[in-house]
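S.K.: Once you've had a glance at the structure underneath, I'll fire off some questions.
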Amino acid sequence: MATYTPMIQQYLTIKADYQDAFLFFRLGDFYEMFFDDAIKASQELEITLTSRDGGGDERIPMCGVPYHSAANYIETLIERGYKVAICEQTEDPKQAKGVVKREVVQLITPGTIMQGRGIEDKENNFIAAVSLFDDGTFGFAYNDLSTGENKVTLLGENFQEVINEIASIGAKEVVVDDTFPEQLKKDLKEKFFITISLENETSISKSFEHLLTDLDDEKLEQTMSTLLHYLFRTQKRSLDHLQKAKSYNTNQFLKIDYYSKRNLELTETIRTKGKKGSLLWLLDETKTAMGGRLLKQWIDKPLIQKKEIERRHRIVESMINHYFEREELREGLKEVYDLERLSGRVAFGNVNARDLIQLKKSLQQIPAIAHMLNRFQNEDLQHLANQLDPCEELTDLLERSIVDNPPISVKEGNIIRDGYNAELDQYRDASRNGKTWIAKLEKEERERTGIKSLKIGYNRVFGYYIEVTKANLQFLEEGRYERKQTLSNAERFITPELKEKEALILQAEEKIVDLEYELFLSIREEVKTYIPRLQALARIISELDVLQCFATVSEKRHYVKPSFSDERKIIIKDGRHPVVEKVMKSQEYVPNDCYMDQEREILLITGPNMSGKSTYMRQIALTAILAQVGCFVPASEAILPIFDQIFTRIGAADDLISGQSTFMVEMLEAKNAIAHATKNSLILFDEIGRGTSTYDGMALAQAIIEYIHNHIGAKTLFSTHYHELTSLEEELPNLKNIHVSAIEQNGKVVFLHKIKEGPADKSYGIHVAQLAELPPSLIKRANEILVQLEAGSNTREEVTKERKSSIEETAAQLSFFTDEIVPKAEKETSSEKKLLQELSSLNLLEMTPLDALNTLYKLQKKLKSQQNS
Ligand code: ADP
Ligand code: MG
């Protein structure tokens, strides 16, 4: 190191503290990167890699980005999960002796970035901390730096719960200490693409002890402290907007694990991972960014306390019944700015006068909103109205101090109103008087010289001047005017008197700009003291916004207020899948009832592919979730239990698109449900067992059903294509068969999407083949085979014993099938023979009914074209 130049040595010393970040090293108008940082950054950012001499043996790799466009590059790196340490010059280079002092002023990370592309108005940007304690349990804390929210909880010994929490808040960065197991870090990094950060300080510090006063457990304090230490250490500034840490317990909410949330597409769809098409998308009629964020939080954590759920329902009902008041409320909310993030930016010191005008306008809305709420004549809304704090003194201050249309810059004046500050007014008078004086002088000079076109102007280089066109120069009095500048057709002059006035004016203007900036800063400091009140206000505004959003959607889509049964009954009349219904226009959607009670704990759903099994199951789960977040539900009548947990497993073939599903995942999810479900849970198993061979799958499916039936008693919807399972109804008293019907219409299969009692017609596949007009002899034969198979060794009971591989079985069946057909076909033409060969080589057990139908259709088309030729 000794051979490096002093600047490179400085660089290396600073870099040593920021090993896992790109160090943006300020050099004049650029941020430069050196060594490996430079090589990596040049690739990630597609910028030119150069090199410089730094005193060492070899030239040092280097690349850089201009200071003024750095934000864009920083965002790109953050989006890719990297961290960026901003290292600034902290002394004036002109005064520096030797190398200019430099310091890292902020570490920007995926979990702490406050502005830019990655930050959506309606989304929180959470950073989490996980602690692993000696007893094997986990502590989990999270924060949104832009809103100041802090939450913390203790989780069990199951790391899956930690994953669930991380996924449900969508954290991009997780802070852990040195003792955190490597394997778990690796899982977070590789499976969930999470940036891992280190923080070993877990003690409570003076700078944030006031944030921890509501916590009553040492583990909670430790976990939260880890996170706060990290934030203070990386942000290196006042974080006055951080809110008191609140502890929560995952048992206070309806539990839905990560996979189930994904399967149900609550906040994003499986295919695109976007919001569009999710439940959140359907519901989002919020008018404020704060409301949008709260809506997402509510969907992530539906309630289980009946009292609070019913409070929300009462408010939604009242808002539905008062259409005009609700519309006015929506208009009012539209004017409310993002008070939460504004508070954060006030604390961070990056608000401008325009933000404060937005704040003023928002606060001015509050009395009107409170007034509107009273017009609903609803006690719960009244209660919320009473808590609305209009922060009158702050509104007053902003009204008095800041002009209506201030500039973006806070350093160029034109921010503060006349009459707000006496000293400022004096300077302004001086400046304005000076300008009047100049206008007067211009008039006098015109009269004195008789030059009508004479004018007084101003520019930055020469200040004020008198301008006279060349043609008029002859009229100027000798000796009075001093020439300053010559233009092509005019000359510019000054006079001592003009210069004297100019000095006064410019001095005043300079003072004005300085004083305005000072005043702005002191107003900003004053706003800072209101942060807790603004945050409390923000909480109520966002709650109102989400509730009006529920009312708006419920009314528009004809939802009904659900009621809750203590007897674990589900009675849904004309239920619909909220998102599918919206996407396909409601007229077409076929509503379905659902009835479940103690004798109907498990519904076994059969029916052909594409008939609507999965949709039906999901609609029950989404209805339960909507009810428990406090929204109305898509049905004409709904009585539901309050579920404690929801588990789902969606058939392997259904999410092959995402490429993530393996039979193992399917089994793990089944295990998860079986291990944790109670009789108050809801389980959706969609075609479980499809990912393995037929007999394996069928045997597992049956065993799972029996287990749930005999040991858990959770409300379960189980769809299957193993028709054999329908006979379970005879053995298991609390299991009932239902099916989705399809009919033939004008020779085509039409899916009615209608749920009916009893099992689906088992000869359904053959029926479809018949519809497709396969030769009658073939259909007859298929029916014979079916009878044989049913009477033969392949009944369900046997199957569970045999567990032969489906491949062998298929082969055996097919050879038997071909033997019978081929001799009869001897007289046929060779092309028909080929068709039959094709038919016989189909592996029916590997095909879905729809595939089979399509293949049959193709074969038939070929056959017909041969017959016609
Ligand atoms: P399955 O699980 O039985 O294969 P899905 O539930 O995936 O069938 O439904 C297939 C398609 O049928 C869906 O994409 C949807 O467009 C349509 N569908 C399902 N249920 C209904 C319904 N109740 N009304 C109208 N269309 C429906
Ligand atoms: Mg399905």
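S.K.: What is the magnitude of the charge dipole of the chain about its Cα centre, with +1 placed on the Cβ of each Lys and Arg, -1 on the Cβ of each Asp and Glu, and no other charges, expressed in debye to the nearest 20?
M.R.: Value, rounded to 20: 2320 debye.
S.K.: Can you tell me which of 625-637, 165-177, 373-385 comes out highest on packing, and rank the rest after it, using the mean Cβ neighbours within 10 Å?
M.R.: Answer by packing, highest mean first, reads 625-637, 165-177, 373-385.
S.K.: State, as an integer percentage, the relative contact order of the chain based on alpha-carbon contacts under 8 Å between residues 6 or more apart.
M.R.: 8 percent
S.K.: Another one. Output the antiparallel fraction of DSSP beta bridges having both residues in the chain, as a percent to the nearest 5.
M.R.: Of those bridges, close to 65 percent are antiparallel.
S.K.: Mean projection of the alpha-carbon convex hull of the chain over all orientations, in nm²? Please report the intermediate quantities before stating the final value.
M.R.: Details: hull surface 222.5 nm².
Reported value for the Cα convex hull: 55.6 nm².
S.K.: Calculate the length of the line joining the C-alpha centroid of the range 20-46 to that of the range 72-122, in whole Å.
M.R.: Centre-to-centre (Cα) distance: 11 Å.
S.K.: Counting DSSP beta bridges with both partners in the range 563-762, what percentage is antiparallel, nearest 5?
M.R.: Counting DSSP beta bridges with both partners in the range 563-762, the antiparallel share is about 40 percent.
S.K.: Rank these for me by crowding, ILE438, ILE738, going from fewest to most other beta carbons within 10 Å.
M.R.: If I rank by nearby Cβ atoms, fewest first, I get ILE438, ILE738.
S.K.: Follow-up. Where does the Debye-calculated log10 I(q)/I(0) of the range 563-762 sit at q = 0.08, 0.13 Å⁻¹, using only Cα point scatterers of equal weight, no solvent?
M.R.: Those come out to -0.25, -0.68, one per q.
S.K.: Return P(r) of the range 422-518 (all Cα-Cα pairs; 5 Å bins starting at 0; whole %; ordered from short to long distances).
M.R.: 3, 12, 23, 22, 15, 10, 7, 5, 2, 0
S.K.: Mind checking which lysines have their C-alpha under 26 Å from LYS834, skipping anything on the same chain fewer than 8 residues away?
M.R.: LYS780, LYS824, LYS858, LYS861, LYS862, LYS864
S.K.: Moving on. Can you give the helix-only mean residue ellipticity at 222 nm for the chain, where every DSSP H stretch with n ≥ 4 adds -39500 (n - 2.57) and the sum goes over all residues, rounded to the nearest 500 deg cm²/dmol?
M.R.: That comes out to -14500 deg cm²/dmol.
S.K.: Next question. Please give the helix 218-235 orientation as an angle from the longest Cα principal axis of the chain, in degrees from 0 to 90, rounded to the nearest 10.
M.R.: 50 degrees
S.K.: Still on this structure, please answer the following. I need the shape label for the range 37-126. Rule: rounded when a/c is under 1.5, else prolate if a/b > b/c, else oblate, with a, b, c from the alpha carbon gyration tensor. Don't jump to the answer; show the numbers that get you there.
M.R.: Details: a/c = 2.70, a/b = 1.50, b/c = 1.80.
The shape class here is oblate.
S.K.: Continuing with the same structure: For the Cα atoms of the chain, what angle does the longest principal axis make with the long axis of helix 806-824, in degrees from 0 to 90, nearest 10?
M.R.: Helix 806-824 sits at roughly 60 degrees to that axis.
S.K.: While we're looking at this one, here's another question. By per-residue mean of other Cβ atoms within 10 Å, what is the highest-first order of 214-221, 837-844, 677-684, 574-581?
M.R.: 574-581, 677-684, 214-221, 837-844
S.K.: Which one of ALA439, VAL513, LEU487 has its Cα pushed farthest toward the positive end of the charge dipole of the range 422-518, where Lys and Arg give +1 and Asp and Glu give -1 at the Cβ?
M.R.: Working it through, the farthest residue towards the positive pole turns out to be LEU487.
S.K.: Moving on to the next point. Would you be so kind as to identify which of THR449, GLN702, GLN770 lies farthest towards the positive end of the dipole of the chain, taking Lys and Arg as +1 and Asp and Glu as -1 on Cβ and the Cα centre as origin?
M.R.: With unit charges placed on the Cβ atoms, the residue in question is THR449.
S.K.: Can you find, among ASN378, SER611, PHE324, the residue sitting farthest towards the positive end of the charge dipole of the chain, where Lys and Arg contribute +1 and Asp and Glu -1 at Cβ?
M.R.: Sorting the options by dipole projection puts first PHE324.
S.K.: Students often forget the sequence filter, so: which aspartates and glutamates lie under 16 Å Cα-Cα from LYS360 once same-chain residues fewer than 8 apart are removed?
M.R.: Counting by Cα, and skipping residues close in sequence, LYS360 has these aspartates and glutamates nearby: GLU335, ASP338, GLU340, ASP389, GLU392, GLU393, ASP396, GLU399, ASP404, GLU525, GLU526.
S.K.: Given an 8 Å cut-off on Cα distances and at least 6 residues of separation, report the relative contact order of the range 422-518 as a percent.
M.R.: Reported as a whole number, the value is 32 percent.
S.K.: Turning to a different aspect of this structure: Volume per residue, Å³, of the convex hull around the alpha-carbon atoms of the range 449-506?
M.R.: So the per-residue Cα hull volume is 81 Å³.
S.K.: Helix 70-79 against the longest principal axis of the chain: what's the angle in degrees, Cα atoms only, rounded to the nearest 10?
M.R.: Helix 70-79 sits at roughly 20 degrees to that axis.
S.K.: Another one. Lysines within cross-link reach of LYS440: Cα-Cα under 26 Å, excluding same-chain residues under 8 positions apart?
M.R.: Straight-distance partners of LYS440: LYS452, LYS455, LYS470, LYS484, LYS499, LYS501, LYS511.
Every number in this text was worked out from the coordinates using simple rules, so none of it is lab data. Note that the coordinates shown come from a computational prediction; the quantities given were computed from them, not determined experimentally. Every residue, glycine among them, receives a Cβ derived from its backbone with ideal geometry; neighbour counts consider all protein chains shown.
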